[in-house]
Amino acid sequence: MTTQPAKLQILMQACQRGVNGKGPAIDAANNLLAECYGMLGKLAAENEALRKDRDSLLEAGGHLL
């Protein structure tokens, strides 16, 4: 599972900026928050998978650069 850096950068900026307004903007803010948390979840899962790969490599006698 890899993430696209440009898409991730745009999402990070939107998460930092947030959404202004009332009414429909609240729905937009909730959707943005859900997307931010979704991306954080994907990144956490990718990070964990990389950790497991690293640990397997080290257990098999491999070396890190």
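The helix-only estimate of mean residue ellipticity at 222 nm for the chain, built from DSSP H runs of length n ≥ 4 each weighted as -39500 (n - 2.57), is -26500 deg cm²/dmol after division by the residue total. Its Cα gyration tensor gives the chain an equivalent ellipsoid; the semi-axes, largest first and in whole Å, are 36, 11, 7.
Length gained on full extension, Glu46 to Asn30: 3.3 nm, using 0.36 nm per residue less the C-alpha separation.
The HN-Hα couplings worked out from phi for the range 41-57 by the Karplus form 6.51 cos²θ - 1.76 cosθ + 1.60 (θ = phi - 60°) are x, 5, 5, 5, 5, 5, 4, 5, 4, 5, 4, 5, 4, 4, 5, 5, 4 Hz, whole numbers, x standing for Gly and Pro.
Computed packing ranks the peptides 25-35, 51-61 as 25-35, 51-61, most packed first, by mean other Cβ atoms within 10 Å.
Dipole magnitude for the chain: about 260 debye, using +1 per Lys or Arg Cβ and -1 per Asp or Glu Cβ, origin at the Cα centre. The label-point distance for Ser56 and Asn20, in a model that sets each label 7 Å from Cα toward Cβ, rounds to 4.9 nm.
Coordinate-derived values only; no laboratory data. Keep in mind that what you see is a predicted model, and the values were worked out from it rather than measured. Cβ coordinates were reconstructed from backbone atoms using ideal geometry, including for glycine residues, and neighbour counts include every protein chain displayed.
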